[in-house]
Amino acid sequence: VGSGFFYTAVIAFGLVVGSFLNVVIFRLPRGESVVYPGSHCPSCGSAVKPWDNLPVFSYILLRGRCRSCQSRISLRYPAVELLNGLLFGAVAWLFGPTPMGAVMLFFVSALLVAALVDFDHQIIPDSISIGGFVLGLIFVPLARVSFGVPYFSALGISLVGALVGGGMLWLVAFLHARISVALGREYDHWPGEGEALPRPSEADYWLWFPGLGLGDVKLLAMIGVFLGPWGALDTVVAASLVGLVVGGLWGLMQRNLNAPFGFGPALACGALLTLAFPLHLYW
């Protein structure tokens, strides 16, 4: 009974957090406050009453429509809530009521936000990647201590994980950019119409790449903080396989195999797979 209540409570909490994540996913890339104003219908602007804001259940009771104007509510809203609840349940099953479990609840939600914002806008907000990086450096080592790892060793694992994750992806992107330039390859989205290729004396030479944004580098650095160096490496392998499949399907849908797509969702999936099926002990 005790464990059943624990899992139910964690999943319910995940549903509630998922409702808030919907707000973050919609507003954050638009530069809007995630706190004010409160939830409202994007069609008619009417405020959503508390009893109409219950995760998943309100969508079902309202039959997917706004109570005021009857406009359709995207199915993605309850899907995000449900997915976050399931992710919270998986973390609870993997880690139980431990400090590491609490840390990983934040981690999976951050990955979900990064994936969907990148899918929608091809950007990964610094508030997610860098913010998660900073919070991870503070709390992940403390959580690893609960497994008997000395604090400074735990901190070192996170720092090396960030260096391996972010550094490895940056190196791949940098070498790809230099080889592309040397071979005379052209991309519709890089460097852009009428823009010259960056020179070594310019920051863009080191930070601006075709096919990969610096946001991906920062996201993988954050992942390395949480999962350590081996976890970062496993994430890249898993993300590459996911990206190959997703990129192929996206290219077919767009009828252009060179169509750009955000790599953030693949990185998030790779990190979640690494978290669920670790090949190495990362804490």
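The values are calculated or read from the model by the stated rules, or taken from the named source; none is laboratory data. All values reported here derive from a predicted model rather than from experimental measurement. Positions of Cβ are backbone-derived with ideal geometry, glycine not excepted, and every protein chain shown enters the neighbour counts. With ligands, DNA and RNA removed, areas are computed over all heavy atoms of the protein, side chains included. Shrake-Rupley method; radii C 1.70, N 1.55, O 1.52, S 1.80 Å.
At a glance:
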read-out	value
All-pairs Cα distance distribution in the stretch 1-142, expressed in whole percent, bin size 10 Å	11, 37, 35, 15, 2
Cβ charges +1 (Lys, Arg) and -1 (Asp, Glu), total dipole of the chain, debye	700 debye
Highest to lowest packing among 184-196, 232-244, scored as the average C-beta count within 10 Å	232-244, 184-196
Amide H within-cut-off set for Arg65, under 5 Å, with H built and near neighbours excluded	Ile73
Rounded accessible area per residue of the stretch 53-146, 1.4 Å, Å²	49 Å²
Intensity falloff of the stretch 134-283 expressed as log10 I(q)/I(0), Debye formula with alpha-carbon point scatterers, at q = 0.12, 0.16, 0.21 Å⁻¹	-0.58, -0.90, -1.24
Nonlocal amide H pairs with His40, under 5 Å, H built at 1.01 Å	Val48
³J(HN,Hα) computed for each position of the stretch 125-134 - Karplus, 6.51 cos²θ - 1.76 cosθ + 1.60, integer Hz, glycine/proline x	x, 4, 5, 8, 6, 6, x, x, 4, 5
Percent of Cα pairs exceeding the 18 Å cut-off, where the set is the stretch 90-161	46 percent
All Cα pairs of the chain, percent lying beyond 33 Å	29 percent
Positive dipole terminus of the chain, leading residue within Leu61, Gly231, Gly101 (C-beta point charges)	Leu61
